[in-house]
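*Asks:* The structure is given below, and queries will be raised subsequently.
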């Protein structure tokens, strides 16, 4: 059907608006799921691409995952393949949350995961490994860098696995900016493996997009080395770089002069930087309060 000359649905704008609304609102009622299922087979590529993105919230409904997988593997339109790959990351995320792989280093609490019945869990296990294998094949063998990048992005929650870490390293060293950005995003899932790599890029002279992503990837690192590197970037002229740096420093909370830094930037000429500094001060106050409750009062239950 899709090898025919390109056709347009006269209502494509309205359909895309509705698909976008469903996705943004997370409203996957039965009627909306049926609507997405119908649009996944539209003759209009734009509609199918929008439906593939919207399907991220209902992949486990009947027939939808099969269609999205077929799009990711076989669609003649690379943009639609990319949209499908972006949605498939939800299968990987759910599989990780349900402990279908060894999760050494994974920081999310299993209490956050939905409860699945045993038969549902077995079905998820089958779907998870099917999707994982497809993404790994695209990551290893596809000739289109953009598709490889989306495959790695979709596998980022498995960034503690050696084979994924190897691909992150390759992308980081590729010299291709889009691949480096994807690698940095994946590093942010498990920054403890990438301290030296992140410090290598957290330099004032680094290109701004890469610098911001490297700082962001350091957010949950708890690394004093990365905190020190970020402090050296506080001379930067770009307000967005300063915002990223301030908030990340506060979350790492390993800087000896953190209070002075935050107080200084709370008086910055840029209002966005001021706001980031105030938010960082609030974050530190919350961290200190939680530490007092936990360590001094021994009241761990109050933090849950």
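*Asks:* Just to be sure I understand the filter: pairs with C-beta atoms under 7 Å, separated by 6 or more residues or on different chains, first member in segment 129-145 and free of Cβ contacts under 8 Å to residues at least 40 places away in the same chain, second member part of a helix (DSSP H, G or I) and surrounded by fewer than 19 Cβ atoms within 10 Å (Cβ to Cβ). Which pairs pass?
*Replies:* Partner pairs satisfying both residue conditions: none exist.
*Asks:* Among the residues of segment 131-163, write down those that are over 20 Å from the mean Cα position of the chain (by Cα) and farther than 22 Å from residue 76 by Cβ. First the steps, then the outcome.
*Replies:* First, the residues of segment 131-163 that are over 20 Å from the mean Cα position of the chain (by Cα): 137, 140-144.
Scanning segment 131-163 gives no hits.
*Asks:* Enumerate the helices (runs of 4 or more DSSP H) found wholly within segment 134-252, keeping only those where 2 or more residues are buried (at least 18 other Cβ atoms within 10 Å of the Cβ) and not assigned by TED's automatic domain parsing to the domain that holds residue 75. Steps first, please.
*Replies:* Values: elements: 145-154, 162-172, 177-187, 195-201, 208-217, 224-231, 239-252.
Because the criterion is at least 2 residues that are buried (at least 18 other Cβ atoms within 10 Å of the Cβ) and not assigned by TED's automatic domain parsing to the domain that holds residue 75, the helices (runs of 4 or more DSSP H) in segment 134-252 that meet it are 162-172, 177-187, 195-201, 208-217, 224-231, 239-252.
*Asks:* When you scan segment 192-202, do you find a residue that is touching a residue at least 12 places away in the same chain (Cβ under 8 Å) and under 23 Å from residue 259 (Cβ atoms), even just one? Give the steps one after another, and end with the answer.
*Replies:* In the first step, residues of segment 192-202 are kept if they are touching a residue at least 12 places away in the same chain (Cβ under 8 Å); the result is 192-195, 197-199, 201-202.
Still in the running and under 23 Å from residue 259 (Cβ atoms): 202.
Scanning segment 192-202 turns up at least one residue that is touching a residue at least 12 places away in the same chain (Cβ under 8 Å) and under 23 Å from residue 259 (Cβ atoms).
*Asks:* When both residues are 6+ apart or on different chains and their Cβ atoms are under 7 Å apart, which pairs have a first residue that lies in segment 266-289 and is not assigned by TED's automatic domain parsing to the domain that holds residue 247 and surrounded by 12 or more Cβ atoms within 10 Å (Cβ to Cβ), and a second that is at pLDDT 95 or above and part of a helix (DSSP H, G or I)?
*Replies:* none
The values are calculated or read from the model by the stated rules, or taken from the named source; none is laboratory data. Only a predicted model underlies this, so the values are computations on that prediction, with no experimental measurement involved. Cβ sites come from the backbone with ideal geometry, for glycine too, and all protein chains shown count toward neighbours.
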